Each structure stands twice: as structure tokens, then as C-alpha cells.
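A quick write-up on the structure given underneath.
The values are calculated or read from the model by the stated rules, or taken from the named source; none is laboratory data. The structure displayed is predicted, hence computed values, not measured ones. A quick note on method: Cβ atoms are made from the backbone with ideal geometry, for glycine too, and the neighbour counts reach across all protein chains shown. The area values use the complete protein model at the heavy-atom level, side chains included, leaving out ligands, DNA and RNA. Shrake-Rupley method; radii C 1.70, N 1.55, O 1.52, S 1.80 Å.
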Amino acid sequence: MKIEYFKRYLFLCIALFIMSLGVAFSIKANLGTSPISSVPYVISLISPITVGMVTIIMHCIFILLQIIILRKKYQPIQLMQLPVALLFGFMTDFSVWMINGITYSSYLTQWILCIVGIVLVAIGVSMEVTANVVTLAGEGLVLAICRVLPIKFGNMKVCFDVTLVVIAILIGFFAKGELLGVREGTAAAALFVGLLSKQICKPLTKIINRLIKDRLE
């Protein structure tokens, strides 16, 4: 069983790196990032703080909100979201640095980079779900809200994503008086990441469960 959990956490780390790479490609495309990354990206545009560091801070706030919402119902194991947030933040900054040399010369090229980012994020989300150990703090907050309110996860997730995008838009307008970091790519990510993840999860679950299953007798 210990070996199986080790494999699952290793698989989660791979998932986080793929997601961070997807975020980096979305940033490079300059067409707007996914909703969950929109606030960190906009803040990184108006401050000296990197998108990865802002991501860590935001996820820590999400964890604190979970504790406030659930109180005694909060499970201490969910504090594992903290090291996951730290890892994801550092990986995001590393991924942004890693593809720094990639450039685009046209709107079409921007969309190609954006699509690559969307696909990578979708794959990463699917792998995160398949690992089945701990979620990112954003999903954790949505689940916490669903535990205290009669709202389905899917509906709450849409509300959560829309809220983040609105916050990102407001930050841009208040800081610079213009729209920052939220564009057509943000809408595309909001629409297609979830759809792609659902399709990828089905075959991926069967494959990964075979790879990470504890075969010790």
C-alpha cells in the first residue's frame, strides 16, 4: 500500500508539472490564461511578484477559506494541499522560464500556443484526478462550499471560475485602467479544459491504475 501511495504522489507531481507547462504556454500565447490562473497572472503583470509566487499565495488563501467554511469538519489531511500549492507555484515559474525562448509571429501562432496550453492543462487535470490523493486548493475550496451549500460541484465550479475571471478583470481596471490578462484564450480555456479532461480521464484511469497499482502480495 505504501508503494501504491508513493506512485500516486509521484504521478501527481508529474500532473502538476504538465499543468504548470500548460499555464506557461497560455501566458506565452498572450491570449489570456485559464480562469484559475487569471488572477495570479494579472497580479504578476502589475507587480514584481512572479505568477508562481502569486499562485502560492492565492492557494494558501483558498486553504484558509476551506478551514473557515468547514471548521470542525475540515480534515487535516487536506493540509497536504499546501505542499502541493508550493510545488505547483515553483513549477509554474520554472515552466515560464523554460519556454521563455519561444516566440510568436502572428495571431495564428498565438492560438497554436494557446491550444497547446489548453491541452496540457487538460491532461494535467486528468492526471491529478486519476492520482486520487489530494486536489489543488481551488478544487478543494469548491468542494468545501458544496459541503455546506446545496449546490452541485459542476455548477459551483463554473461560479468559482467566473468569479476569478471577474476579480482578474477588476484588478486590471483598478490598477491600470484597462483589461489585463483576460482575453479570448481565457474563454477558450474555461470551455475546453473541462471537456477535454472528461474525455481524457476515461482511458487514462484504466491505464494509470494498472501502472500505479500495488502488486505486492
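Computed quantities for the displayed model
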quantity	calculated
Evaluation of Ala190 against (1) in contact with a Gly (Cβ under 9 Å, 6 or more places away or on another chain); (2) of a type in the set (Gly, Ala, Ser); (3) surrounded by 14 or more Cβ atoms within 10 Å (Cβ to Cβ) (one fails), failing number	(1)
Test: Ala131 is farther than 19 Å from Thr55 by Cα, in contact (Cβ under 8 Å) with a residue 24 or more places away in the chain and of a type in the set (A, V, I, L, M, F, W, C)	yes
Filtered residue count, region 101-117, keeping only those that are in contact (Cβ under 8 Å) with a residue 40 or more places away in the chain and either open to solvent by less than 10 Å² (accessible area, probe 1.4 Å) or part of a loop (DSSP other than H, G, I, E, B) (or both)	4
Of all residues in region 182-195 being out of contact with any Pro (no Cβ under 9 Å at 6 or more places or on another chain) and of a type in the set (Gly, Ala, Ser), the one that is modelled with the lowest pLDDT	Gly194
Among (1) assigned to a helix (DSSP H, G or I); (2) within 13 Å of the chain's Cα centre (by Cα); (3) among the hydroxyl-bearing types (Ser, Thr, Tyr); (4) farther than 30 Å from Arg210 by Cα - the single one Ser44 does not satisfy	(2)
Boolean, Phe62 is touching a residue at least 24 places away in the same chain (Cβ under 8 Å), assigned to a helix (DSSP H, G or I) and open to solvent by 70 Å² or more (accessible area, probe 1.4 Å)	no
Residues satisfying the stated conditions in region 1-17, i.e. farther than 14 Å from Val84 by Cβ and either in contact with a Lys or Arg (Cβ under 6 Å, 6 or more places away or on another chain) or part of a helix (DSSP H, G or I) (or both)	Lys2, Ile3, Glu4, Tyr5, Phe6, Lys7
